[in-house]
Structure formats: structure tokens, C-alpha cells
Amino acid sequence: MAANSNNIQVGIIMGSDSDLDVMQAAADFLSSVQIGYELTVVSAHRTPQRMFAYATAAKDRGIKVIIAGAGGAAHLPGMVASLTSLPVIGVPVKSSNSIDGWDSILSILQMPNGVPVATVALNASKNAGILAAQIIGAFDQETGNKIETYKKQMENEVKMKIEKLRVSGQPNGFD
């Protein structure tokens, strides 16, 4: 459900195309639960007018959640959050000039009161996609059901792994 979808609900933006390898997981998850998204580069530092235009027009274009990934100083998620009333999920990206990703994490996490940004783990855009789907699913029963199915699948996968260990004879004091 890429950008040509008629029902785009999530905007995925990143500070540079070098972040695409990380941000693709959010797009892949949204596709798997059939949520339309758009994906583009919006740099807070190199294209501030584009960032302003994107953030201020997103709601009117039908976007319900924005996922913003950025590395280094990572101002994109917070600046976008300051310009829109939509929920913004920040994805800290470990970039080539990063301090093990901590600069990105702290830049996104430490927002001032009044400008919240939900923050996922370093390079964890799949979690951002899941969170965006959960936000949409809170108000859309079909999407909510898909998220419940996804979580049930994860539970079943763990149960299969537990059974595999049990059958292999590994000691398990819990069961």
C-alpha cells in the first residue's frame, strides 16, 4: 500500500534516503496489515520549508499518524510534532556520524512538555509501524482486528518454540 494508494493514513518521512534501509520495516508492516502509507524524504535541516509544508498539510490530506526517522541531531520528529496535532512516532536512526545512536535517541526522546513524540528503539521502525497501526486500530475495528491477529500470531510462535524445546528434552522448570 505505497504512496499511490487512495487511502493513505500514515506518513513515513526520513531525514535522508540513507535512512531508507531502517524505515522500510515500517512500510513493510503497514503493507502487511493493509494500511496505506506514503514514504518520502523530509529534512529538518536541509529542507525546512518542505518539512513545514508536509507537517502542516498532513492532516488535511488524510494522514492520521506520522512516522519520522532521523539520525544524528534527529530534529525531524520533534519539529514535525511542533507543527501538527497528529501523533508523531520518532524512529532514532544510527547514522554514520552517530554516537552509537544515543544522539538520535536523546534528541527524539527528550522533547519539552507540550510537544510529545512517541519514541521507539534505535532503528526499530517496525515497532513504529505497529504503533501507528495500533493508534489507527483504536478507532477502526478492521485494523484493530488485524493487530489482534498479529499479536496472537506472535503468541503462537512463542508457544511453538516452547514446545520445540520441551520435545527436544531441554530442562524447563516453569511448565
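The values are calculated or read from the model by the stated rules, or taken from the named source; none is laboratory data. Small disclaimer: the values here were computed from a predicted structure and weren't measured. As a convention, Cβ positions derive from the backbone with ideal geometry for all residues, glycine included, and neighbour counts pool all protein chains shown.
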Among the listed residues A138, A132, identify the single one that is at pLDDT 95 or above and in contact with a strand residue (DSSP E or B) (Cβ under 8 Å, 6 or more places away or on another chain). A132
Among (1) free of Cβ contacts under 8 Å to residues at least 24 places away in the same chain; (2) closer than 16 Å to L131 by Cα; (3) polar (S, T, N, Q), where does T47 come up short? (2)
Is it true that some residue in region 119-133 is without any contact (Cβ under 8 Å) to a residue 40 or more places away in the chain and part of a helix (DSSP H, G or I)? yes
Members of region 150-166 that are closer than 22 Å to I35 by Cβ and basic (K, R): K151, K152
G114 in the same structural domain as G90 (by TED's automatic domain parsing) and within 15 Å of the chain's Cα centre (by Cα): no
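Yes/no matrix, rows are residues, columns are (1) within 30 Å of K152 (Cα to Cα); (2) at pLDDT below 95; (3) among the acidic types (D, E); (4) more than 12 Å from the chain's Cα centre (by Cα):
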position: E38; (1), (2), (3), (4): yes, no, yes, yes
position: A53; (1), (2), (3), (4): no, no, no, yes
position: I66; (1), (2), (3), (4): yes, no, no, no
position: A74; (1), (2), (3), (4): no, yes, no, yes
position: L83; (1), (2), (3), (4): no, no, no, yes
position: P92; (1), (2), (3), (4): yes, no, no, no
Here is a list: K164, K159, K152, K126. Which entry is under 11 Å from the mean Cα position of the chain (by Cα) and either loosely packed, with under 13 Cβ neighbours inside 10 Å or of a type in the set (D, E, K, R) (or both)? K126
Counting only residues that are surrounded by fewer than 18 Cβ atoms within 10 Å (Cβ to Cβ) and within 23 Å of I136 (Cβ to Cβ), how many does region 87-108 have? 1
The lone condition T143 fails out of (1) touching a helix residue (DSSP H, G or I) at 6+ places or on another chain (Cβ under 9 Å); (2) not in a helix (DSSP H, G or I) is (2)
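Among the residues that make up region 167-174, is at least one of them out of contact with any Gly (no Cβ under 8 Å at 6 or more places or on another chain), in a helix (DSSP H, G or I) and either among the hydrophobic types (A, V, I, L, M, F, W, C) or not assigned by TED's automatic domain parsing to the domain that holds M23 (or both)?
yes
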